[in-house]
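Peer 1: Pasting in a structure now, in structure tokens, and then I'll have a few things to ask.
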Amino acid sequence: MNAYSTLKGVHDIFPPDVFIWNKIERTAKDLFYIFGYDEIKIPIIESTEIFTRSIGQSTDIVGKEMYTFTDKGGRGITLRPEGTASVARCYVENALYRCTPPQKYYYIGPMFRYERPQKGRLRQFYQIGAECFASSTPETDAEMLFMINEFFNKLQVPELRLEINSIGCKVCRPEYNAALTMFFSQASLCGDCKTRLVKNPLRILDCKVDRCVELRKGAPVITDFLCEPCKTHHEGLRELLKGRGIAFHDNPLIVRGLDYYTRTTFEVTTEHLGAQKAVAAGGRYDNLVEEFGGPATPAIGFAIGMERLAELMRLFDPYPNSPFFYFAALGEQASAIALSLAIRLMDKNISSICADWQIPLKGHMKRANKLNAKYVIMLGADEIQKGKATWKQMSNAAQGEIDVNNVGEFIALSEQWLTRQGSND
Ligand code: ATP
Ligand code: MG
């Protein structure tokens, strides 16, 4: 291995993936704006306490995964493992609760967790997250899930599954925890879950060890323990989702790996990424702002894992940045015509590549193929005299003649292609 390499679990992001990343970011920014969210830029480093207090001592994130160090002034610093705690801290510190509610923010940036690196599980990974403060209604939850649904629709990510649950509140959860403790008291749980049994039995439901997955079959479900207000909230959300035609699945095991959640929790999962199924996750956290010293403020948020989403998109569209037209000019004069055409097409947002005219035609075809260009435009010296070129569609080898003086014909060709795509030809 080269002596100069990234740290374990830390990746560079470069073309063609970066094209997908930018598309994800653009889509999020445009859509979230329409839903009333403004960007918030939170620091990458925070006092360790910000996370230990909010995420919870007994969680995997705080217990095992934090990048914590002491700075030169002897302060305990942590590279942020997630965004919600920082946004809530910022909300209180800057008295954002004084703004007209609901206050809605989104962030995009890297997070750090000392995890065992594997596919879809990195030590530096990116999240896009959003938080909505000062509204406690099921409508707010439904709106957030609607926005998430729209986001994935816009990116054309197929076959996602939305799973929802309610993990109750301070009133009803203790009784459920007691029932879980009783249920698991004699079970031969894994080492971590033995600790969880004492500290936070709810977390046993999130354990990924096979033995514990088996042992939790038949465990009491939270839905049977919800107090009336939590039940009404959850039922309200389910009805709103049904009313809007958003498909969801009830999953009483969605308990989330952080302590601040109350009531609604959810995950968006896929079967296409192997073991790391969650692409997005979130939930309501009605007590967090108060815990940071702010006024009692209900809130809900979510975060999307960008690496997992980008990988998923790449599976369904392996050539995200392929050019529309590849101009294979044979000769200097043809090359000048190709350039002027390409510039006019790029002006219409139609991506075009002008290749070096000194390459033989065979080389052009090879390159166009590798780039997954939709059309190759061959401009031979003889044809150019007649003002003509030959187009070839790479997917089916169809070909024809085109007028090089009429950029409209090129635009028509690209529109034809898009229409066929739209009709799943
Ligand atoms: P998991 O159960 O997969 O560990 P989590 O509950 O720790 O996820 P959250 O803290 O809710 O995850 O983060 C939201 C999303 O961020 C996840 O659904 C996932 O897409 C992504 N994510 C979390 N941890 C990682 C990681 N180590 N590497 C890459 N993506 C991650
Ligand atoms: Mg995790």
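The values are calculated or read from the model by the stated rules, or taken from the named source; none is laboratory data. No experiment lies behind these values; they were computed from the predicted model shown. FYI the Cβ positions are ideal-geometry reconstructions off the backbone, even for glycines, and counts take in every protein chain you see. What goes into the accessible areas is simple: the full protein's heavy atoms, side chains included, and nothing from ligands, DNA or RNA. Shrake-Rupley method; radii C 1.70, N 1.55, O 1.52, S 1.80 Å.
Peer 1: Within the set of other residues whose C-beta is less than 15 Å from the C-beta of THR48, count the net charge using Lys and Arg as +1 and Asp and Glu as -1.
Peer 2: Working: positive: ARG53, LYS64, ARG75, ARG80, ARG89, ARG113; negative: GLU46, GLU49, GLU65, ASP71, GLU82.
Here the count lands on +1.
Peer 1: Moving on. In the range 325-424, what % of DSSP beta bridges are antiparallel (nearest 5)?
Peer 2: On the way: 9 of 17 bridges.
Antiparallel: roughly 55 percent of the beta bridges in the range 325-424.
Peer 1: Right, something else. What number, rounded to the nearest 500 deg cm²/dmol, is the helix-based mean residue ellipticity at 222 nm of the chain, given -39500 (n - 2.57) per DSSP H run of at least four residues and division by all its residues? Let's see the in-between values first.
Peer 2: Values: 14 runs with 159 residues, N = 425.
Using -39500 (n - 2.57) per qualifying helix, the result is -11500 deg cm²/dmol.
Peer 1: Can I ask one more? Could you give the longest part of the chain that holds none of the GluC sites (Glu not before Pro) found in DSSP loops with at most 14 neighbouring Cβ atoms within 10 Å? Present the calculation step by step, with values, prior to reporting the outcome.
Peer 2: Numbers: sites that count: GLU159, GLU271.
Within the chain, the longest run free of exposed GluC sites (Glu not before Pro) spans 1-158.
Peer 1: Taking R0 as 51 Å, what FRET efficiency do you get between ARG420 and GLU291 from their Cβ-Cβ distance, rounded to the nearest 0.05? If you can, show how the numbers build up before the last one.
Peer 2: Details: r = 55 Å, r/R0 = 1.09.
My answer for the efficiency is 0.40.
Peer 1: If eta is 1.306 mPa s and T is 10 °C, what Stokes-Einstein diffusion coefficient results for the chain, Kirkwood Rh from Cα pairs, in µm²/s? Numbers along the way, then the final one.
Peer 2: On the way: Rh = 24.7 Å.
It comes out at roughly 64 µm²/s.
Peer 1: If you don't mind, there's one more thing I want to ask. What list of ³J(HN,Hα) values in whole Hz, one per residue of the range 303-313 in order, does the Karplus curve 6.51 cos²θ - 1.76 cosθ + 1.60 (θ = phi - 60°) give from phi, with Gly and Pro shown as x?
Peer 2: 9, 9, x, 5, 4, 5, 5, 4, 5, 4, 5
Peer 1: At a probe radius of 1.4 Å, what is the per-residue accessible area of TYR37, in Å² to the nearest 10?
Peer 2: Around 0 Å² of this residue is reachable by solvent.
Peer 1: For the range 376-425, what value does the Rg/Rh ratio take when both radii are computed over Cα atoms and Rh is the Kirkwood radius, given to two decimals?
Peer 2: Values: Rg = 11.9 Å, Rh = 11.6 Å.
Using Cα coordinates only, the ratio equals 1.03.
Peer 1: What is the angle, in °, between the Cα long axis of helix 407-422 and the longest principal axis of the Cα atoms in the chain? Nearest 10 is fine, range 0 to 90.
Peer 2: 40
Peer 1: If I compute solvent accessible area with a 1.4 Å probe over the protein chains, what percent of it on the range 1-150 is carbon and sulfur?
Peer 2: On the way: 4010 of 7660 Å².
Roughly 52 percent of what the probe reaches on the range 1-150 is carbon or sulfur.
Peer 1: Something else about it: Cα centroids of the range 123-142 and the range 54-80: how far apart, whole angstrom?
Peer 2: 23
Peer 1: Distance between the C-alpha centers of the range 318-383 and the range 180-215? Whole Å please.
Peer 2: If you average the Cα positions of each part, the centres end up 61 Å apart.
Peer 1: For LYS154, tell me the accessible area in Å² from a 1.4 Å probe, rounded to the nearest 10.
Peer 2: Estimated to the nearest 10 Å², LYS154 gives 120 Å².
Peer 1: Put VAL289, VAL10 in order of accessible area, largest first, 1.4 Å probe: what do you get? All intermediate terms of the calculation are to be shown ahead of the outcome.
Peer 2: On the way: VAL289 0, VAL10 30 Å².
Largest accessible area first, the residues go VAL10, VAL289.
Peer 1: May I ask what percent, to the nearest 5, of DSSP beta bridges between residues of the chain are antiparallel?
Peer 2: Working: 51 of 63 bridges.
The answer is about 80 percent antiparallel.
Peer 1: At what distance in nm do the modelled label points of LYS348 and LYS8 sit from each other, each positioned 7 Å from its Cα along Cα→Cβ?
Peer 2: Computed distance between label sites LYS348 and LYS8 equals 5.4 nm.
Peer 1: With each label point set 7 Å from Cα along the Cα-Cβ vector, what nm distance links LYS362 and ILE246?
Peer 2: About 5.7 nm separates the two model spin labels.
Peer 1: More than 20 Å apart: what percent of Cα pairs in the range 1-123 qualify?
Peer 2: Every Cα pair in the range 1-123 considered, those over 20 Å come to 57 percent.
Peer 1: Averaged per residue, what accessible area in Å² does the chain show with a 1.4 Å probe, protein chains only?
Peer 2: Working: 21170 Å² over 425 residues.
Accessible surface, normalised per residue, equals 50 Å².
Peer 1: Right, next: Return a single number: how many Lys pairs in the range 311-425, at a sequence separation of 8 or more or on separate chains, have alpha-carbon atoms below 14 angstrom apart. Each step should come with its number before you reach the end.
Peer 2: Values: LYS362/LYS370; LYS362/LYS392; LYS366/LYS374; LYS366/LYS392; LYS374/LYS392.
Total qualifying Lys-Lys pairs in the range 311-425 comes to 5.
Peer 1: Shifting gears a bit: In the full protein assembly as shown, how much of ILE13 is accessible to a 1.4 Å probe, in Å² to the nearest 10?
Peer 2: 60
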